[in-house]
1. Please work out the C-alpha center-to-center distance from the stretch 467-501 to the stretch 437-456 and express it in whole Å.
2. For the stretch 264-317, which whole-number percentage of the solvent-accessible area (1.4 Å probe, protein heavy atoms only) is attributable to carbon and sulfur atoms?
3. Among 411/477; 534/557; 272/555; 477/523; 411/529; 341/523, which pairs are too far apart, with a Cα-Cα distance over 32 Å?
4. Could you give the length gained on full extension between residue 391 and residue 525, defined as 0.36 nm per residue of separation minus the Cα-Cα distance, in nm?
5. Taking the Cα-to-Cβ direction at residue 534 and at residue 369 and moving 7 Å from each Cα, how far apart do the two end points lie in nm?
6. For the stretch 412-510, what is the accessible area per residue in Å², given a 1.4 Å probe and the full set of protein chains?
7. Spin-label point model (7 Å from Cα, Cβ direction): what's the residue 215 to residue 270 distance in nm?
8. For the stretch 296-336, evaluate the Debye formula with one uniform point scatterer on each Cα (no solvent term) and list log10 I(q)/I(0) at q = 0.29, 0.30 Å⁻¹, rounded to two decimals.
Amino acid sequence: MKKKNEQQELQHQQQQGGLQKHIQCNKGKSSKFKRSTSTLQEDGASSAILLLACYMSTEFYNGESSSTVDEINGLDLSLTAMAFYRYPLMSMLDSNLVLPLDDHETRDHKRLKRTPSIPDDIGNNCNSDSRDGEISRSGSTGSLISLRRLQFRDHIWTYTQRYLAAEAAEEEAAAAAAIGANSAEEDGSADGMRLVQLLIACAEAVACRDKSHASALLSELRSNALVFGSSFQRVASCFVQGLSDRLSLVQPLGTVGFVAPTMNIMDTAFEKREEALRLVYELCPHIQFGHFVANSAILEAFEGESNVHVVDLGMSLGLPHGHQWRQLIRSLTDRPGQPLKRLRITAVGLFVEKFQSIGDELEEYAKDLGLTLEFSAVKSDLENLRPEDVKTFDGEVLVVNSILQLHRVVKESRGALNSVLQIIHELSPKTLVLVEQDSSHNGPFFLGRFMEALHYYAAIFDSLDAMLPKYDTRRAKMEQFYFAEEIKNIVSCEGPGRVERHERVDQWRRRMSRAGFQVAPIKMVARAKEWLGKNNVCEGYTVVEEKGCLVLGWKSKPIIAISCWKC
């Protein structure tokens, strides 16, 4: 018995001696861990994972734990296999895995404590998840480094994706809160916030093709989104129509793709939409403001010229009587200096009969003012327009005018718009005037477009509420036959059927630059504000200059942006 005790004591002393050598060998490496801990607070989970990688490579390459190497080497660390682990490596980050401290004795003690815990944790993790999926094992020890690096890289990638997803969700929640706060304030209760929550939940259900849940939410929304209610209830009713149309065309789960609706913005009765457009022009400052700034830029381009030509894409939305060009003709006849010899206007679009009737009125109007006007129409949509369709003459100054038109040519690919811009560039205009809605309704994801559109049109309906009474029929016509048609097209349509592809001015700036155009700064903020006051525009509208462009907004929310470009 005494001899046995002496053998055990001798064996224990040998183990202690080997352990002291192990500690001395790793003291230099431990200092690296001390320095690494300072980065944890700055870099978060990614730094912790990298630090853990350094620690594990130190422990596993000391030659003391061959069984640990075998355990780790036996793990399948591919992305497919990692899907069967609940939280890769998270079991190692428990209370037993303590980072080195400043005190050498405490540090050595902690190293003694955690060294045997690592293989135990890994083994337990593998065993606990073996029932969820089969884990393949490999007998090769030469691939340990590459396998472990793959695991840490994938682990960091996973956390990065989680962070980005959380950030996107936070931004979406902030936007929803802003919309809800505005609507709740105007209702004087939490009804507005509840309506926002229902709309977003319904949009998510529609995006997930959950017809039963979406239908239940739509039923509740219809009883709360009133056409003659508060401004947010009215705009919500338009989005309910769009969600309902989209849901009716959604394919069941498991199928691929989305059936594009056959309807588009022009399916509404032409007379109703034309009347609504006329009311928007008369009562809202959006289009009139665009005409005013566009004409100012055109007059500046025509300064000192006697032979001028305007190419109007879409003929200013086909508004009757040609209001924009009546104003331009009057300004040209009143300008001092050299008289104008000839003015030409070319309208481009499919409704040539309507354009020609407008042109006939303009020619008579110009004749009464002593000015010769030559009007012509080109029957073509923008995508099929060719340079030879527009007749130009030597010595004339050309200007291209686009009022809320070019966004209709924007597609998933940039080919269509680039082709149109290239044709315009070949015409060599002195100025291209671009008036567009300043909002991001052409994003790649449905929910993002939905939130942007909800925020944008909520501001427009709020401005209508400030201008007109609740039961004014003119207001209802504008909301239901003009703005509602835009909303439904944004929400319910995909592919070629979605033509309301509004983008922000920064995106237009990038597109125009790629097409070879350079911005021609508009410096007339003071005149624009004076125009708002002169025309008794409702208080709440603002005008700001943004990188050479003029932006009309409602209570700091951008609505319309006007920019000028030169070749």
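1. Distance between centres, Cα-based: 14 Å.
2. Numbers: 840 of 1810 Å².
Of the solvent-accessible surface of the stretch 264-317, carbon and sulfur hold 47 percent.
3. Details: 411/477 29 Å; 534/557 22 Å; 272/555 30 Å; 477/523 35 Å; 411/529 35 Å; 341/523 28 Å.
Flagged as over cut-off: 477/523; 411/529.
4. Numbers: separation 134, 0.36 × 134 = 48.24 nm, distance 3.48 nm.
Stretched fully, the residue 391-residue 525 segment lengthens by 44.8 nm.
5. Here the modelled spin labels are 1.4 nm apart.
6. On the way: 3390 Å² over 99 residues.
On a per-residue basis, 34 Å².
7. 3.7
8. Rounded to two decimals, the profile gives -1.16, -1.20.
The values are calculated or read from the model by the stated rules, or taken from the named source; none is laboratory data. All figures in this text were calculated on a predicted structure; none of them were measured in a lab. Note that each Cβ is placed from the backbone with ideal geometry, even for glycine, and that neighbours are counted across all protein chains shown. Note: areas computed on protein heavy atoms with side chains; ligands, DNA, RNA excluded. Shrake-Rupley method; radii C 1.70, N 1.55, O 1.52, S 1.80 Å.
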